[in-house]
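The values are calculated or read from the model by the stated rules, or taken from the named source; none is laboratory data. Note that the structure is predicted; figures quoted are calculated from it, not measured. Virtual Cβ from ideal backbone geometry, glycine too; neighbours counted across all protein chains shown. We work out accessible area using only protein heavy atoms, side chains counted, and drop any ligands, DNA or RNA first. Shrake-Rupley method; radii C 1.70, N 1.55, O 1.52, S 1.80 Å.
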Amino acid sequence: MANYRNIHGINIETVTSNPDNPANGQVWYNSTDQKLRGNAQSTVGAWASGGNMNTARKDTVAGAGVQTAAIVFGGSTPPVSALAETYNGSSFTEVADLGTARNALGGAGTSTSALGFGGEPPRAETESWNGSSWTEVSDLNTARKLAGAAGANNTAALAFGGTPPTTGKTEQWNGSSWTEVADLNSARISLSGFGTYTSAIGSAGYTSSPTKLALVESWNGTSWTEVADVSNARYQAASAGADNTSGLTAAGEAQGGGALAACEEWTGAGANTTREFDLS
């Protein structure tokens, strides 16, 4: 039978106290505690304050980009807004407005190459951002608001879910037109999304009841597959991530109402854990 030494080429170290700075994956036996321990990379992070937006707004503002280079657009001040602002990691700068003021729209891409689509009332208009201005391009096939969104830039994006009525319809954007592809397994409204148009996650949301959902689905470019639920059922959450193997879902409204501060990390296979065995 294979043992630890056969597999790893070394024996488990015996110590009287835990190492001060153990390496990720390091295993040792603490003879004082009589416990076998291992160190795993922590998935816990922290939030810090950044610069405020120039114009406060609500009602599902859309966004795109990364922590140090992002764009936010639309929403409601009220009234419904066309304002767009870019973020450089420390401050926001107002840039060219959307062609059509709207809220509850979807957004995908980067701070210099983004797509905004849909909105309230259910609309099909799509606008493309090139870093300096917005241009109206081809409409969605299905007008919708409160849809999930994913995409790397203004030539490759994904729109899924939304209303009315509650839908699971998914569309891919190729830079010139939208094409309907495979539906979500669970139709829903106000879900969050991240990733690319071939590798994305659709998270949480609610049905027409409305019942908040914890359901998560993964997109592989062809079809949606249900994966592990988020711990907190929610809707109108904020999400970000590179593809369907890593991302974050934060905030939103919880089951029964009330705002959530909870942030959850998706690793594609569950969070890292530290195992401990009592040998006493």
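Below, the figures for the structure above:
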{"read-out": "Residue under evaluation GLU85, criteria (1) open to solvent by 10 Å² or more (accessible area, probe 1.4 Å); (2) among the charged types (D, E, K, R); (3) more than 29 Å from ASP183 (Cβ to Cβ), criterion not met", "value": "(1)"}
{"read-out": "Residue ID - farthest from PHE160 (Cα to Cα), chosen from residues in the stretch 95-127 that are in a strand (DSSP E or B) and open to solvent by 20 Å² or more (accessible area, probe 1.4 Å)", "value": "VAL95"}
{"read-out": "Test: residue in the stretch 252-273 that is assigned to a loop (DSSP other than H, G, I, E, B), modelled with pLDDT of 85 or more, out of contact with any Pro (no Cβ under 7 Å at 6 or more places or on another chain) and under 22 Å from GLY151 (Cα atoms)", "value": "yes"}
{"read-out": "Count - residues of the stretch 170-199 that are closer than 17 Å to LEU213 by Cβ and open to solvent by 20 Å² or more (accessible area, probe 1.4 Å)", "value": "4"}
{"read-out": "The stretch 85-112 residues that are β-branched (Val, Ile, Thr), paired with ones that are in a loop (DSSP other than H, G, I, E, B) (beta carbon under 6 Å, 6 or more apart)", "value": "THR86/SER111; THR100/GLU125; THR112/GLY131"}
{"read-out": "Condition check for ASN153: within 19 Å of the chain's Cα centre (by Cα), of a type in the set (S, T, N, Q), open to solvent by 20 Å² or more (accessible area, probe 1.4 Å) and at pLDDT 95 or above", "value": "yes"}
{"read-out": "Conditions (1) part of a strand (DSSP E or B); (2) modelled with pLDDT of 90 or more; number of the one not met by ASP229", "value": "(1)"}
{"read-out": "Residue count, the stretch 200-214 (criterion: part of a loop (DSSP other than H, G, I, E, B) and crowded, with 24+ Cβ neighbours inside 10 Å)", "value": "2"}
{"read-out": "Residue within the stretch 26-35 that is under 30 Å from GLU253 (Cβ atoms), at pLDDT below 95 and not charged (D, E, K, R) present", "value": "no"}
{"read-out": "Residue pairs meeting the criteria (Cβ under 7 Å; at least 6 apart or on separate chains; first of a type in the set (Asp, Glu), in the stretch 138-159; second at pLDDT 95 or above and not in a loop (DSSP other than H, G, I, E, B))", "value": "ASP139/THR126"}
{"read-out": "Close pairs from the stretch 244-256: first under 11 Å from VAL230 (Cβ atoms) and touching a residue at least 12 places away in the same chain (Cβ under 8 Å), partner of a type in the set (A, V, I, L, M) and open to solvent by 70 Å² or more (accessible area, probe 1.4 Å), Cβ under 9 Å, at least 6 apart", "value": "ALA250/ALA261; GLY252/ALA259"}
{"read-out": "Residue in the stretch 233-247 that is of a type in the set (Asp, Glu) and surrounded by fewer than 22 Cβ atoms within 10 Å (Cβ to Cβ) present", "value": "yes"}
{"read-out": "Residue that is surrounded by the most Cβ atoms within 10 Å (Cβ to Cβ), among those in the stretch 128-138 that are assigned to a strand (DSSP E or B) and not polar (S, T, N, Q)", "value": "TRP129"}
{"read-out": "Tally, over the stretch 139-150, of residues that are buried (at least 24 other Cβ atoms within 10 Å of the Cβ) and either on the phi > 0 side of the Ramachandran plot or not in a strand (DSSP E or B) (or both)", "value": "2"}
{"read-out": "Candidate set from the stretch 1-24 (those that are assigned to a loop (DSSP other than H, G, I, E, B), over 13 Å from LYS35 (Cα atoms) and among the aliphatic types (A, V, I, L, M)); member that is modelled with the highest pLDDT", "value": "ALA23"}
{"read-out": "Lone unmet requirement of (1) in a loop (DSSP other than H, G, I, E, B); (2) more than 22 Å from THR249 (Cα to Cα) for LEU184", "value": "(2)"}
{"read-out": "Total residues in the stretch 215-227, condition in contact with a strand residue (DSSP E or B) (Cβ under 8 Å, 6 or more places away or on another chain) and surrounded by 14 or more Cβ atoms within 10 Å (Cβ to Cβ)", "value": "7"}
